[in-house]
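Okay, structure first, notes after.
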Number of protein chains: 2
Amino acid sequence: MPRNAFYAQSGGVTAVINASAAGVIEAARKHRKHIGKVYAGRNGILGALQEDLIDTGKESPAAIRALRNTPGGAFGSARYKLKGVEKGGREYERLIEVFKAHDIGYFFYNGGNDSADTCLKVSQMSATMGYPIIAVHVPKTVDNDLPITDCCPGFGSVAKYVATSMMEAVLDVESMAKTSTKVFILEVMGRHAGWITAATGLAQRKPGQGPHILLFPEVPWNEEAFLARVEETVKRYGYCAVGASEGLQDAGGKFLSESGLKDAFGHAQLGGVAPMLASLVQSKLKLKQHWAVADYLQRSARHIASRTDLEQSYAVGKAAVELAVKGMNSVMPTIVRASSRPYRWKVGVAKLSDVANVEKKMPREFITADGFHITDKCRKYLTPLISGEAFPPFEDGLPQYVRLKNAAVRKKTGAWSP
Amino acid sequence: MPRNAFYAQSGGVTAVINASAAGVIEAARKHRKHIGKVYAGRNGILGALQEDLIDTGKESPAAIRALRNTPGGAFGSARYKLKGVEKGGREYERLIEVFKAHDIGYFFYNGGNDSADTCLKVSQMSATMGYPIIAVHVPKTVDNDLPITDCCPGFGSVAKYVATSMMEAVLDVESMAKTSTKVFILEVMGRHAGWITAATGLAQRKPGQGPHILLFPEVPWNEEAFLARVEETVKRYGYCAVGASEGLQDAGGKFLSESGLKDAFGHAQLGGVAPMLASLVQSKLKLKQHWAVADYLQRSARHIASRTDLEQSYAVGKAAVELAVKGMNSVMPTIVRASSRPYRWKVGVAKLSDVANVEKKMPREFITADGFHITDKCRKYLTPLISGEAFPPFEDGLPQYVRLKNAAVRKKTGAWSP
C-alpha cells in the first residue's frame with residue numbers, strides 16, 4: 001500500500017528552491033505504487049506542527065512545472081528550529097502524531113545545515129516511537145556551506161546574480177570615475193562562509209578590472225591593510241570596486257556590523273557592512289564612494305538564475321524521492337563533480353549523520369595569499385556553477401511567476417500549542 | 001565636403017546609453033557625404049576640453065554593434081557642468097578651439113537636463129564665435145524627467161529592473177514572513193522625481209500583494225501615516241513591502257537622508273533612506289525588517305534591460321544624426337507615444353530651448369489619493385516602457401560586454417588647463 005509524503009521548505013529561500021519542490025512532486029507522481037499524496041507544510045515545519053497541510057495533488061501539472069521558474073518558497077518556509085529531546089521532545093512527538101494521522105511515511109525536508117539535523121532527528125524519533133518514517137534531506141542553501149556535496153542548490157544562482165551585478169556596476173563606476181565615484185562597495189550575503197563574496201570576484205575578467213578587493217568572513221578584518229589597498233588601487237586604476245561579505249569580522253570573531261555604530265536615535269545601526277566601509281573610505285581617504293546592499297534581491301533573483309543550479313535543484317528533489325522509495329533513510333542526495341572542464345556532474349548520496357551541523361567554509365587555497373581575492377583554483381570551481389541561463393517566461397515586461405492554490409488538507413488531530 | 005562629428009556621454013550612465021552611441025556611430029557611417037569621422041570624448045565633455053578624443057573609426061562594426069549589449073559609458077562619461085558666459089565663457093571658447101582644430105561640425109551630446117542646456121549653449125556660442133556647429137542632444141536619463149519626450153531612454157530598463165527585483169523580493173518575504181522578516185524596504189534612485197519608485201509598484205499584480213507602500217519624493221514624508229500604514233498592512237497581509245525613493249523629503253523639501261543621522265565616528269550617515277526607514281520600523285513598531293539599496297546595480301542592469309528602452313535608445317541616437325545632416329540645429333529627438341495598447345511610438349523632435357533645465361515630475365494623477373501607490377493610469381503609462389526582453393549574449397555564465405579600443409586622436413592644440 002502506498003503511503004503519503006510530507007515536504008517542507010526550511011530556512012532562507014532561494015531562487016530555485018521551488019525547482020526542488022517540483023522535483024519531489026513530479027517524481028512522487030511517477031511512484032504511485034509507493035507514494036500516495038504529497039502534502040506540503042504551510043510555512044515549512046510549522047505546517048506539520050499546526051497540522052496545516054497543503055494538498056499538492058490539487059495543483060495542475062502546469063502549475064507544478066512552473067515552480068521551476070518561480071523564486072521564493074511556494075508553500076511558505078520557516079526559520080524554526082525544533083526543540084530537541086533535551087527540552088522533552090514534545091515537538092517531535094507532535095510531528096509524529098500529525099504524520100500518523102495523515103499516514104505519512106516519507107519526510108522530505110528542503111533546507112541547509114540546521115534542517116539536515118532536524119531531518120535526521122525525525123527519522124530517529126519516529127523509529128524510537130514505533131512509527132518509522134523514511135526521512136530524506138533535500139539540500140538547499142545560498143551559503144554553499146553544506147559538507148560532502150560539491151556545491152549546494154541555490155548557490156549557483158546567487159553566485160551568477162552577484163557576479164553579473166558586480167560586472168555591470170564596475171562598468172558603470174569605471175566609466176564615471178574621472179569626475180565621480182572612486183570607490184564602490186557591494187555587500188553580499190554569507191555570514192560565516194565567503195562563497196558568495198568569492199563569486200563577485202568572477203566579474204574580474206582581466207587584471208586591473210574590478211572588483212579589486214574581496215572581503216571574506218574567513219579573513220580577519222584589517223582596517224589599515226584595506227584602506228592602503230583601496231588607496232593604491234584608485235591611484236593605479238582610477239577607481240576601486242569592492243565585494244564585501246555581510247559577515248566580515250575581526251580576528252576575535254566580532255562582526256563589523258556589530259561594531260557599535262549608532263543612528264541618531266541611539267539605536268545600533270541595522271546591518272550594513274557596506275555603508276560602514278563606505279563611511280571609512282570617505283572619512284579616512286576622502287574619496288567619493290557609493291555602496292549597494294543587495295539583500296533579498298540576490299537570493300530571489302530567479303530572472304538571472306544559473307541553468308546548472310536550476311537543473312541540480314530539480315535533480316536533488318527528484319533523487320530524494322527515488323532514494324526514499326528504495327527505502328534509503330536518513331540520507332541526502334549530493335552533487336558529485338566528475339570533471340570541471342567540461343563540467344560533468346551526477347547525483348550522489350550522503351548519510352545525514354555526516355552532514356548535520358557541519359559547515360563548509362572557503363578553503364584557504366581558494367583565497368589569494370594577500371587575502372583580498374580568489375585564486376584560479378577557485379574560479380575553476382565556481383565557473384561551472386553559474387553557467388547556463390534559464391530565463392523565466394515574461395508577460396507585460398515582468399517574469400511570470402506562479403502562485404499555487406495551496407489548498408488546505410482537512411485536519412484530523414486537535415489543536416496544538418507549542 | 002563632409003565634416004567630423006563629436007559625440008560625448010554626460011552624467012550618470014545607464015544600461016543602454018551605449019545603444020545610443022551605437023545609433024549615432026552606425027548612422028554616421030551611413031552618411032559619409034555629410035559626416036567624416038566620429039570622435040568621442042574620453043570621459044565625456046572633459047575629452048573635448050582636454051582634446052582627448054577617441055577615434056571611433058578604429059572600432060570594428062562588430063564592436064560598435066556590441067555596444068547595444070553593454071552597460072556603462074563605453075567612452076567614459078562625466079559629471080561636469082561647463083562654466084557659463086557669466087564666468088567668462090572660457091570653457092566654451094576652448095571647446096570651439098578644439099572643434100575647429102579637428103574640423104568638427106556636428107556636436108552630439110548624450111545626457112539629461114543639464115547637458116541639454118550645455119548642448120544649446122554650444123550651438124549658440126559657436127554661432128557667436130563665427131564657427132557654427134550643429135548641436136543635437138541625445139536624451140538619456142534613468143530619472144525619466146526630461147520634458148516633451150513621452151519617456152527618457154534609460155528609464156525603461158531601470159524600471160524593468162526595479163519592478164522585477166521587487167516582485168522577486170516580495171515572493172521571498174511573503175514566503176518567510178510567518179517566522180522571519182515582516183517589513184522589507186527597497187530604496188531606488190530618483191532624487192527629485194518618483195518615476196523609478198513608481199516602477200517598483202508594477203510588481204503588485206493583485207491587491208494585497210507587495211509592494212504595499214511607495215514613498216515618492218513628490219509626496220511629503222509623513223512618519224505617522226507611514227508607520228500606521230505599515231502596521232495595518234502587516235496585520236492584514238502578514239508582511240509589508242515598501243518601495244522608497246532615495247529623494248524622500250519632508251514638506252519643507254529637506255531630504256530624509258540628511259536628517260542628522262550620524263555614525264559612531266560622528267560623521268553624517270552616508271545615503272540610505274532604506275536603513276533609516278528600517279530603523280524606524282524596528283524601533284517604533286518592533287517589527288523585524290530587512291532592506292536593500294540597489295544603487296548602481298539598478299542603472300547598469302543590462303542583463304534585464306527593456307527591449308522597448310533599448311530600441312528607443314538606439315533610435316534617438318540614429319535620429320540625432322539624421323536631424324543633423326538635414327541641418328536641424330539645437331534640437332533633441334523625442335519619443336512620441338501614438339498609442340498605449342497596443343504600444344506604438346515614433347521619434348519626434350523638440351527644440352532644445354524648450355527642453356533645457358525643465359524637470360518633469362510624476363503628475364498627481366499617477367499617484368493614488370492617499371499618496372502611497374500608483375494609479376491605473378500610471379500603470380498604463382509605465383507598462384509598455386518595460387516590455388520586451390533583450391538579454392545580452394553570455395559566456396561562461398556571465399554577460400559578454402564589449403570593451404572598446406578607444407584609440408586616441410593625435411592632438412593638434414596646446415595643453416589647456418581650466
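Here is how the numbers come out for the structure above:
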| item | result |
| --- | --- |
| Qualifying residues in segment B:386-402 (those that are within 21 Å of the chain's Cα centre (by Cα) and more than 8 Å from chain A (Cβ to nearest Cβ)) - the one nearest to B:ILE335 (Cα to Cα) | B:ALA390 |
| Among the residues listed as B:ARG307, B:ARG299, the single one being within 14 Å of chain A (Cβ to nearest Cβ), in contact (Cβ under 8 Å) with a residue 60 or more places away in the chain, surrounded by fewer than 24 Cβ atoms within 10 Å (Cβ to Cβ) and closer than 17 Å to B:SER20 by Cα | B:ARG307 |
| Yes/no for A:ILE185 being buried (at least 22 other Cβ atoms within 10 Å of the Cβ), β-branched (Val, Ile, Thr) and more than 27 Å from B:ASP172 (Cα to Cα) | no |
| Lone qualifier among A:VAL85, A:VAL98, A:VAL24, A:VAL13 - being of a type in the set (Val, Ile, Thr) and closer than 20 Å to A:GLN400 by Cβ | A:VAL13 |
| Flag if B:ALA198 is in contact with a Cys (Cβ under 9 Å, 6 or more places away or on another chain) and under 22 Å from B:ASP376 (Cα atoms) | yes |
| Number of positions in segment B:137-179 that are among the acidic types (Asp, Glu), away from every other protein chain (no Cβ under 14 Å) and over 13 Å from the mean Cα position of the chain (by Cα) | 1 |
| Residue count for segment A:376-418, restricted to those that are over 25 Å from B:SER157 (Cβ atoms) and of a type outside the set (S, T, N, Q) | 23 |
| Pair list, Cβ under 7 Å, 6 or more apart: segment A:75-102 residue crowded, with 22+ Cβ neighbours inside 10 Å, other residue acidic (Asp, Glu) and not in a helix (DSSP H, G or I) | A:VAL98/A:GLU51 |
| Residues located in segment A:37-74, provided they are surrounded by fewer than 20 Cβ atoms within 10 Å (Cβ to Cβ) and outside any loop (DSSP other than H, G, I, E, B) | A:LYS37, A:LEU46, A:ASP55, A:GLY57, A:LYS58, A:PRO61, A:ALA62, A:ALA63, A:ARG65 |
| Within segment A:116-165, tally of residues that are over 20 Å from A:GLY247 (Cβ atoms) and among the aliphatic types (A, V, I, L, M) | 12 |
| Helices (runs of 4 or more DSSP H) fully within segment B:212-323 counting 2 or more residues that are modelled with pLDDT of 95 or more and of a type in the set (A, V, I, L, M, F, W, C) | B:223-237 |
| Number of the exception - A:LEU186 against (1) out of contact with any Asp or Glu (no Cβ under 9 Å at 6 or more places or on another chain); (2) not in a loop (DSSP other than H, G, I, E, B) | (1) |
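Each row is one residue, and each column tells you yes or no for (1) of a type outside the set (Lys, Arg); (2) within 21 Å of B:THR141 (Cβ to Cβ); (3) touching a helix residue (DSSP H, G or I) at 6+ places or on another chain (Cβ under 8 Å).
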{"residue": "B:GLY348", "(1), (2), (3)": "yes, yes, no"}
{"residue": "B:ALA356", "(1), (2), (3)": "yes, yes, yes"}
{"residue": "B:THR368", "(1), (2), (3)": "yes, no, no"}
{"residue": "B:PHE372", "(1), (2), (3)": "yes, no, yes"}
{"residue": "B:TYR381", "(1), (2), (3)": "yes, yes, yes"}
{"residue": "B:LEU385", "(1), (2), (3)": "yes, yes, yes"}
{"residue": "B:GLU389", "(1), (2), (3)": "yes, no, yes"}
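The values are calculated or read from the model by the stated rules, or taken from the named source; none is laboratory data. Values in this document were obtained by computation on a predicted structure and should not be read as measured data. Cβ atoms come from the backbone with ideal geometry, glycine included; neighbour counts cover every protein chain shown.
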